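*Asks:* Let me give you the structure first, and then I'll get to my questions.
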Amino acid sequence: MAHTLPALPYAINALEPHISENTLEFHHGKHHAAYVANLNKLLDGTDLDGKSLEDVITAVAGDASKAGVFNNAAQVWNHSFYWQCMKPAGGGQPPSGALAEKINADFGSFEAFVEQFKAAGATQFGSGWAWLILDGGTLKITKTANADLPLAHGQKALLTMDVWEHAYYLDYQNKRPDYMTTFLDKLVNWDFVAANLAAA
Ligand code: FE
């Protein structure tokens, strides 16, 4: 069965003024859609055709001869996950409860988490992703280049922020730090992150 482009979990203008409808039309409607189309083309008729996205990713991770499949499959997964990491009127303090307690326990404070997460996004040279992951029972911040993702490293993703220029350039031009601050203050869907932690 072919992979499909998931609908955005909110209206295409719902993240304005922080992320514009114009950005989402390109980012979801063109970039994400192209990864889905490319992946289906690459898988057609192969033994990976019909496998779940996660199974495709883990099957080809680290195989240089399958880099095209890995990049497109991972970008399909990354973007589907990223849309759910945001919501209208999100951001700010994490919800109280298990997630807040875990952040305090593993980072020392919410402020320390914010600082490390922003640093990961800022220091990812070129295209990539900043992540909050669960690794061996501990929350950690990581960054990955291009399409790479925690799943390829045996880690559980809880939150991601796309730092490819296509995620922010129309709204923030070269000001990646402003996009990252807005992402954390106004957009993060902490309920989604808490649910990912609870399911881990
Ligand atoms: Fe993207």
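*Asks:* If you go through region 143-166 one residue at a time, do you hit one that is at pLDDT 95 or above, touching an Asp or Glu at 6+ places or on another chain (Cβ under 7 Å) and on the phi < 0 side of the Ramachandran plot?
*Replies:* yes
*Asks:* What do you reckon, is Q75 buried (at least 18 other Cβ atoms within 10 Å of the Cβ), within 16 Å of the ligand (Cβ to nearest atom) and in the same structural domain as L187 (by TED's automatic domain parsing)? Break it down into steps so the answer makes sense when it comes.
*Replies:* Values: buried (at least 18 other Cβ atoms within 10 Å of the Cβ): yes; within 16 Å of the ligand (Cβ to nearest atom): yes; in the same structural domain as L187 (by TED's automatic domain parsing): no.
In short, no.
*Asks:* For region 159-186, give me the residue count where each residue is more than 20 Å from P95 (Cβ to Cβ) and buried (at least 18 other Cβ atoms within 10 Å of the Cβ).
*Replies:* Residues flagged as more than 20 Å from P95 (Cβ to Cβ) and buried (at least 18 other Cβ atoms within 10 Å of the Cβ) within region 159-186 amount to 10.
*Asks:* Just name the residue that is nearest to the chain's Cα centre (by Cα) out of those in region 142-200 that are closer than 16 Å to Y82 by Cβ and of a type in the set (S, T, N, Q).
*Replies:* It comes out as T160.
*Asks:* Of the residues T138, T181, T144, which is among the β-branched types (V, I, T), away from the ligand (no atom under 16 Å from the Cβ) and within 25 Å of G62 (Cβ to Cβ)? It would help to see each step written out before you state the result.
*Replies:* Values: T181 fails: within 25 Å of G62 (Cβ to Cβ); T144 fails: away from the ligand (no atom under 16 Å from the Cβ).
Within the list T138, T181, T144, the selection yields T138.
*Asks:* OK, next. Looking at region 119-200, what helices (runs of 4 or more DSSP H) fall wholly within it and have at least 3 residues that are touching a residue at least 12 places away in the same chain (Cβ under 8 Å) and aliphatic (A, V, I, L, M)?
*Replies:* Numbers: elements: 165-172, 176-182, 190-199.
Answer list for region 119-200: 190-199.
*Asks:* Can you tell me which residues in region 9-29 are away from the ligand (no atom under 13 Å from the Cβ) and surrounded by 15 or more Cβ atoms within 10 Å (Cβ to Cβ)?
*Replies:* Y10, I12, A14, L15, E16, H18, S20
*Asks:* Hey, H31 hits all of (1) within 24 Å of K156 (Cα to Cα); (2) assigned to a helix (DSSP H, G or I) but one; which does it fall short on?
*Replies:* With respect to (1) within 24 Å of K156 (Cα to Cα); (2) assigned to a helix (DSSP H, G or I), H31 is out only on (1).
*Asks:* Considering each residue of region 83-108, count those that are within 16 Å of the ligand (Cβ to nearest atom) and either surrounded by fewer than 21 Cβ atoms within 10 Å (Cβ to Cβ) or free of Cβ contacts under 8 Å to residues at least 60 places away in the same chain (or both), and give that number. Spell out how you get there, then give the answer.
*Replies:* We begin by selecting, within region 83-108, every residue within 16 Å of the ligand (Cβ to nearest atom); these are 83-86.
Next cut, either surrounded by fewer than 21 Cβ atoms within 10 Å (Cβ to Cβ) or free of Cβ contacts under 8 Å to residues at least 60 places away in the same chain (or both) only: 84.
Of the residues in region 83-108, 1 are within 16 Å of the ligand (Cβ to nearest atom) and either surrounded by fewer than 21 Cβ atoms within 10 Å (Cβ to Cβ) or free of Cβ contacts under 8 Å to residues at least 60 places away in the same chain (or both).
*Asks:* Of these, L42, L24, which one is in a helix (DSSP H, G or I) and over 18 Å from the mean Cα position of the chain (by Cα)?
*Replies:* Working: L24 fails: over 18 Å from the mean Cα position of the chain (by Cα).
Just one listed residue meets the conditions, L42.
*Asks:* Quick check on this structure: which one of A157, A167 is under 26 Å from A64 (Cβ atoms) and within 16 Å of the ligand (Cβ to nearest atom)?
*Replies:* Numbers: A167 fails: under 26 Å from A64 (Cβ atoms).
Exactly one of A157, A167 is under 26 Å from A64 (Cβ atoms) and within 16 Å of the ligand (Cβ to nearest atom), namely A157.
The values are calculated or read from the model by the stated rules, or taken from the named source; none is laboratory data. From a predicted model like this one, the values you see are computed outputs, not experimental measurements. With ideal geometry, Cβ positions are generated from the backbone for all residues, glycine too; neighbour counts draw on all protein chains shown.
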